[in-house]
Amino acid sequence: MQLSEFDDALVFGRRVEGCPYVVRPSAYALVRNASRELAVVRTVLGFFLPGGGIEAGESPEQTIVREAREECGLVLRALTRMAYAIEIAHSPTENTCFEKRSTFVSAQLLGLTIAEESDHELLWMTVDRAANSLTHGSQRFAVRRFIQSEPR
């Protein structure tokens, strides 16, 4: 039997009784700029790390490169898988419950381009502010894990 990275993953959020859950693999970037600030995306729904759903045949590393470019114009090179977590979420607009199995990947910022999604705003935050501002508990956890892994 092969173990999944998510077998021992921390779970964030609360399940809604009677709502069938759709498992949604996702990946998010942990990337700093030259000032050591962390990239955060602001939408009408809150503050998030750049990233999103993994498409068929895509790796988490490919996902963060694609999603970061689409959402906020970040041009990235994926580096290391830093953390895994599960976020339980309900989408009222989709009337669906999700079990987001998230892989968090550190990345190098190579440059900026024009974002495709105009409703996403790129912000640069200190890691402490990001760790306290992100909407999802799984993402706050990943930022704290990222901070702990960095050389002092």
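The values are calculated or read from the model by the stated rules, or taken from the named source; none is laboratory data. Because the structure is a prediction, the values reported are computed rather than measured. For neighbour counting, all protein chains shown are included, and Cβ atoms are generated from backbone atoms with ideal geometry for every residue, glycine included. In case anyone asks, the SASA skips ligands and DNA or RNA and just uses the protein heavy atoms, side chains included. Shrake-Rupley method; radii C 1.70, N 1.55, O 1.52, S 1.80 Å.
List of remarks:
- In sequence order, the stretch 103-114 has phi-based couplings of 9, 10, 10, 6, 8, 9, 7, 9, x, 10, 9, 7 Hz under the Karplus curve 6.51 cos²θ - 1.76 cosθ + 1.60, θ = phi - 60°, and Gly or Pro positions carry x.
- Degrees separating the helix 137-149 axis from the principal Cα axis of the chain, which is the longest one: 50 degrees
- Accessible area of the stretch 17-102 divided out per residue, in Å², using a probe of 1.4 angstrom: 46 Å²
- The Cys residues in the chain with no partner Cys Cβ within less than 4.7 Å of their Cβ are CYS72.
- The phi torsions of the stretch 68-83, fed into the Karplus equation with coefficients 6.51, -1.76 and 1.60 and a -60° offset, translate into couplings of 5, 5, 5, 6, 9, x, 7, 9, 10, 10, 5, 10, 10, 6, 9, 6 Hz, rounded to whole numbers, with Gly and Pro shown as x.
- Surface share of carbon and sulfur [accessible, 1.4 angstrom probe, percent] for the stretch 1-85: 52 percent
- Top positive-direction residue, dipole computed over the chain with Cβ charges, set LEU79, ALA115, TYR28: LEU79
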